[in-house]
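**Q** Sending over a structure as structure tokens; questions will come in a sec.
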Amino acid sequence: MHSDQYYQELRMKMVAEQIAARDIDDQEVIKAMQKVPRHKFVPLSLSDQAYTDQPLSIGSGQTISQPYMVALMTQVLQLTSADSVLEIGTGSGYQTAVLAQICAYVYTIERIETLSLAAQKILQELNYTNVDFMVANGARAWKDFKQQVDAVIVTAAAENEPVEFLECLSARGRMVVPVGQAGHVQTLFLYQKVRGQVLKSEVCHCSFVPLINES
């Protein structure tokens with residue numbers, strides 16, 4: 001078992017080489033990535049790989065995203081400390097923690113109860129109190145979501161563009177979502193509400209586990 005100092009040095013190196021050295025320049029994102037201990041969100045057997053530039057398995061057929069992709073998806077949402085965010089797919093809870101570090105409030109939905117409970121435990125241990133967890137199918141549960149939020153982040157790939165999620169957004173809301181089939185090249189899209197219209201832009205190609213739409 002390594003010391004907190006050991007992991008902190010790896011984390012700072014990760015941010016310097018994988019995040020700040022690329023196209024991530026949002027200082028709030030950089031500070032959040034420097035603070036959130038990614039090694040706490042992976043299986044103990046993978047903790048030495050926690051700060052490498054790759055996704056890692058967290059069980060149940062799910063992964064913790066590559067650090068750069070977490071930073072990129074967070075940056076394109078242009079988040080502020082006043083914003084609320086809806087996350088579809090809690091997974092390990094790492095992306096949730098990064099969002100909670102920056103934003104006023106995070107609502108996060110996960111269909112696999114064991115993953116949600118594990119993420120809740122870690123975030124409680126890290127003293128995050130601005131996160132609301134829901135165990136449900138995120139592809140469907142958004143219909144029961146009554147709050148309007150400033151941003152939506154989808155952390156699994158939808159086969160078709162999930163424009164219905166835009167209904168959760170406030171007047172100037174933003175959504176980032178990967179679209180495409182598993183095993184094929186997927187595309188990360190950003191949607192922005194501007195003066196009553198929805199603007200769509202392509203961010204990059206990517207690879208995510210599929211967003212499950214079954215009940």
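Every read-out reported here was derived from the displayed coordinates using simple, explicitly stated rules and does not represent laboratory data. Keep in mind it's a predicted model, so treat the numbers as computed, not measured. Quick reminder, even Gly has a Cβ in these numbers, built from the backbone with ideal geometry, and neighbours come from all protein chains shown.
**Q** Using modelled amide H (1.01 Å from N, peptide plane; none on Pro or chain starts), what sits under 5 Å from the amide H of Thr63, excluding residues fewer than 5 places away?
**A** Ile58
**Q** Classify region 174-214: rounded, prolate or oblate, from the alpha-carbon gyration tensor (a ≥ b ≥ c, eigenvalue square roots; a/c under 1.5 rounded; otherwise prolate if a/b is larger than b/c)?
**A** Values: a/c = 3.77, a/b = 1.87, b/c = 2.01.
Cα axes put region 174-214 in the oblate bin.
**Q** Could you give each residue of region 177-189 its phi-based ³J(HN,Hα) in whole Hz, using Karplus coefficients 6.51, -1.76, 1.60 with θ = phi - 60°, and x for Gly or Pro?
**A** Along region 177-189, the couplings run 8, x, 10, x, 7, 4, x, 10, 5, 10, 10, 8, 10 Hz.
**Q** Once phi is turned into θ = phi - 60°, what whole-Hz ³J(HN,Hα) does the Karplus curve with 6.51, -1.76 and 1.60 give for every residue of region 15-20, x standing for Gly and Pro?
**A** 5, 5, 8, 9, 10, 5
**Q** Using Cβ counts within 10 Å as a stand-in for footprinting exposure, how do Glu110, Glu9 rank, fewest first? Provide the component values of the computation, followed by the final result.
**A** Details: Glu110 29, Glu9 13.
With the sparsest Cβ surroundings first, the list reads Glu9, Glu110.
**Q** Ranked from highest to lowest mean number of other Cβ atoms within 10 Å per residue, what is the order of the peptides 22-32, 147-157?
**A** Working: 22-32: 15.9, 147-157: 22.3.
By packing density, highest mean first, the sequence is 147-157, 22-32.
**Q** Using R₀ = 35 Å, calculate the FRET efficiency as 1/(1 + (r/R₀)^6) where r is the Cβ-Cβ separation of Glu161 and Ala136; round to 0.05. Present the calculation step by step, with values, prior to reporting the outcome.
**A** On the way: r = 21 Å, r/R0 = 0.61.
Calculated transfer efficiency: 0.95.
**Q** Another question, if that's okay. Under the rule a/c < 1.5 gives rounded, and otherwise a/b versus b/c splits prolate from oblate, where does region 1-104 land using the Cα gyration tensor?
**A** Details: a/c = 1.72, a/b = 1.25, b/c = 1.38.
Cα axes put region 1-104 in the oblate bin.
**Q** Looking only at region 65-89, which residues have a backbone nitrogen under 20 Å from a spot 7 Å from the Cα of Ala21 in the C-beta direction?
**A** Within reach of a label on Ala21: 66-73.
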